[in-house]
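Reading through the structure tokens given below for one structure.
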Amino acid sequence: MTKAEDEARRRAERAQQVALWRYQLIREAADPELTTRQRGRLVRALADQAHEGPFGDPVTVSRGTLDRWIRAWRERGFEGLVPPTRKPTPRTPAEVLELAVALKKERPERTGAQIARILRSTLGWSPNERTLLRHFDGLELRRPEGSSPQAFGRFEADRPNEIWTGDALHGPKIGGRKTFLFAFIDDHSRAIVGHRWGYFEDTVRLAAALRPALAARGVPEAIYVDNGSAFVDAALKRAAAKLAIRIIHSAPGQPEGRGKIERFFRTVRQQFLVEIAADGQTSGTRVADTAQLNQLFTAWVESHYHQRVHSETRQAPLARWMTGAPFATPTPAQLREAFKWSEIRQVTKTATVRLFGNAYCVEPALVGRKVELVFDPFDLTVMEVRFNGESMGLAQPQDIGRHAHPKAKPETPADQPAAPTGIDYLRLLDDTHTASLAGRINYTALTSADASQDSDRQRDDEESDGKDQP
């Protein structure tokens with residue numbers, strides 16, 4: 001079926017839908033047993049109110065239109081209510097379209113914009129690019145010759161913890177700041193194995209969602225993510241390598257493989273976020289911060305989402321995930337090692353290394369060599385040095401100007417306004433100054449009084465002079 005035929009089919013279906021809506025609207029008023037007065041009363045009532053249209057939008061219909069529909073239904077039945085299919089008269093000359101088609105067939109790789117430029121240089125005029133592309137679509141000229149549309153099959157992992165899919169959702173504003181949800185869904189069971197609301201869409205908040213998931217749900221064979229900055233960060237790659245997790249990135253512009261997590265995010269919006277009173281809203285559950293938001297979200301996931309039967313698997317997500325239990329979980333030491341960050345630096349001639357402005361002393365035997373610095377991103381004062389995979393002990397801090405990694409932003413920013421102390425410093429100074437003047441001559445007051453007396457004296461003299469004048 002060509003696109004033109006498909007468009008004609010859709011137009012016919014919409015016309016039938018409109019006719020059915022019209023019939024449902026007038027069927028009571030079109031009853032032949034009603035008197036003229038009774039019918040007029042019903043038609044006026046229909047014309048005075050808004051109705052939900054055939055496609056969900058509010059619609060008002062005049063009395064004249066309702067009478068015309070009733071007459072059409074009496075004369076031709078249901079077909080009389082079907083709106084005529086519009087056949088717009090093309091405004092572009094046929095010979096211009098024929099030339100455009102010939103140019104496209106001559107060189108299929110030519111774009112609509114290029115063909116429009118050729119037509120303008122040849123004929124002095126051309127239809128716009130959208131008109132040409134619409135015409136090419138109707139003739140199926142935009143698809144490479146011999147090719148067929150790409151079809152995507154329904155993929156599902158064979159067992160729990162085979163593949164986790166991760167993504168981030170942009171949430172509402174809480175406490176005046178935008179929130180983000182990192183979540184991981186098990187592809188086989190649709191269970192949410194890890195989640196975390198935060199104020200940043202960064203690798204720290206990603207780790208806050210993934211690390212508890214690994215500790216509680218086990219280690220997946222692979223995680224499937226997009227190419228967002230948090231998902232391509234070196235910290236995630238290091239954690240995955242330490243735990244033997246394969247990272248699969250979706251191809252740019254092809255999000256089809258992330259359909260399950262996107263469908264879950266739609267459920268989150270429709271069933272959870274709709275109940276949250278975000279900033280500026282008066283109805284719903286009031287949430288003060290992300291800690292409370294995470295608490296409510298965990299309750300919703302565990303009590304509702306994990307317990308209801310999924311429409312595709314026909315099983316509750318948690319029950320389906322448990323069919324693969326028990327799962328091996330990493331030890332706390334393995335998790336600590338996996339979620340440390342590292343940087344490669346070269347040791348200077350003075351047996352020091354520098355990291356983000358900080359200076360550390362290392363073993364003199366490492367001078368001139370490249371070493372791996374392993375650290376907690378929130379504490380740069382403790383720095384382990386490794387060479388060829390072997391630990392060389394801790395580096396000694398020499399000059400520490402930064403205590404956290406630039407990417408390790410705390411959930412509560414340091415520049416958040418502090419609580420008021422209630423101390424009015426300038427008022428205290430004023431009170432002290434006033435108290436110090438007690439018992440002393442106030443020259444300012446005297447000067448003000450003298451100035452006031454001089455002003456009164458000058459005003460009296462002017463009035464006096466005015467009376468003496470003839």
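Identify all residues within the stretch 11-29 that are among the charged types (D, E, K, R) and touching a helix residue (DSSP H, G or I) at 6+ places or on another chain (Cβ under 9 Å); write none if there are none. Lay out the reasoning, then the answer.
Keep residues of the stretch 11-29 that are among the charged types (D, E, K, R), which gives 11, 13-14, 22, 27-28.
Listed by number, the residues that qualify are R22, R27, E28.
It is to be established whether one or more residues within the stretch 140-153 are over 22 Å from P332 (Cα atoms) and modelled with pLDDT of 85 or more. Outline the logic, then answer.
Restricting attention to the stretch 140-153, the residues satisfying the condition of being over 22 Å from P332 (Cα atoms) are 140-153.
Retained after the next criterion (residues that are modelled with pLDDT of 85 or more): none.
Checking the stretch 140-153: not a single residue is over 22 Å from P332 (Cα atoms) and modelled with pLDDT of 85 or more.
When you look at V301, is it β-branched (V, I, T), more than 23 Å from A404 (Cα to Cα) and more than 34 Å from the chain's Cα centre (by Cα), yes or no?
On the way: β-branched (V, I, T): yes; more than 23 Å from A404 (Cα to Cα): yes; more than 34 Å from the chain's Cα centre (by Cα): no.
No, not satisfied.
What number goes with the only condition from (1) over 20 Å from Y199 (Cα atoms); (2) over 20 Å from the mean Cα position of the chain (by Cα) that R286 does not pass?
If we test R286 against (1) over 20 Å from Y199 (Cα atoms); (2) over 20 Å from the mean Cα position of the chain (by Cα), just (1) comes out false.
Would you be able to tell me the number of residues in the stretch 357-379 that are within 11 Å of D399 (Cα to Cα) and in contact with a His (Cβ under 9 Å, 6 or more places away or on another chain)? Reasoning before the result, please.
Step one: filter the stretch 357-379 for residues within 11 Å of D399 (Cα to Cα), giving 357-361.
Retained after the next criterion (residues that are in contact with a His (Cβ under 9 Å, 6 or more places away or on another chain)): 358.
Of the residues in that region, 1 qualify.
For a quick check of your reading: which helices (runs of 4 or more DSSP H) sit entirely within the stretch 195-286 and have at least 1 residues that are closer than 25 Å to K409 by Cα?
Values: elements: 203-217, 234-242, 259-267.
Passing ranges, in order: 203-217, 234-242.
For the stretch 349-433, please list each of the strands (runs of 3 or more DSSP E) lying entirely inside it that holds at least 2 residues being in contact (Cβ under 8 Å) with a residue 24 or more places away in the chain and under 36 Å from the mean Cα position of the chain (by Cα). I'd like the intermediate steps shown before the answer.
Numbers: elements: 352-355, 358-361, 370-376, 379-387, 390-399.
Once the strands (runs of 3 or more DSSP E) in the stretch 349-433 are filtered for at least 2 residues that are in contact (Cβ under 8 Å) with a residue 24 or more places away in the chain and under 36 Å from the mean Cα position of the chain (by Cα), what remains is 370-376, 379-387.
Among the residues of the stretch 199-245, write down those that are closer than 15 Å to N294 by Cα and surrounded by fewer than 17 Cβ atoms within 10 Å (Cβ to Cβ).
P212
Only one of these is charged (D, E, K, R), part of a loop (DSSP other than H, G, I, E, B) and more than 30 Å from R27 (Cα to Cα): R134, R130, R91. Name it.
Going through R134, R130, R91 in turn, just one is charged (D, E, K, R), part of a loop (DSSP other than H, G, I, E, B) and more than 30 Å from R27 (Cα to Cα): R91.
Please state which one of T298, T290 is touching a residue at least 12 places away in the same chain (Cβ under 8 Å) and touching a Gly at 6+ places or on another chain (Cβ under 8 Å). Before you say what the answer is, go through the steps one by one.
Details: T298 fails: touching a Gly at 6+ places or on another chain (Cβ under 8 Å).
Exactly one of T298, T290 is touching a residue at least 12 places away in the same chain (Cβ under 8 Å) and touching a Gly at 6+ places or on another chain (Cβ under 8 Å), namely T290.
If you take the residues in the stretch 32-46 that are among the charged types (D, E, K, R) and surrounded by 12 or more Cβ atoms within 10 Å (Cβ to Cβ), which one is farthest from D67 (Cα to Cα)?
The qualifying residue farthest from D67 (Cα to Cα) is R41.
Between a first residue in the stretch 225-237 that is in contact (Cβ under 8 Å) with a residue 60 or more places away in the chain and a second residue that is in a loop (DSSP other than H, G, I, E, B), which pairs have beta carbons less than 7 Å apart while being 6 or more apart in sequence or on different chains?
Hits for this filter: V225/F231; A230/E201; A230/D202.
If we scan the stretch 107-122, do we find a residue that is charged (D, E, K, R), in contact with a helix residue (DSSP H, G or I) (Cβ under 9 Å, 6 or more places away or on another chain), surrounded by 11 or more Cβ atoms within 10 Å (Cβ to Cβ) and touching a residue at least 24 places away in the same chain (Cβ under 8 Å)?
The answer is no; no qualifying residue exists.
Is one or more of the residues making up the stretch 305-320 under 30 Å from F356 (Cβ atoms) and of a type in the set (K, R)? So that I can check it myself, show each step before the final result.
First, pick out the residues of the stretch 305-320 that are under 30 Å from F356 (Cβ atoms): none.
The answer is no, given that none of the residues of the stretch 305-320 is under 30 Å from F356 (Cβ atoms) and of a type in the set (K, R).
The values are calculated or read from the model by the stated rules, or taken from the named source; none is laboratory data. The structure displayed is predicted, hence computed values, not measured ones. So basically every Cβ, Gly included, is an ideal-geometry build from the backbone, and we count neighbours across all protein chains shown.
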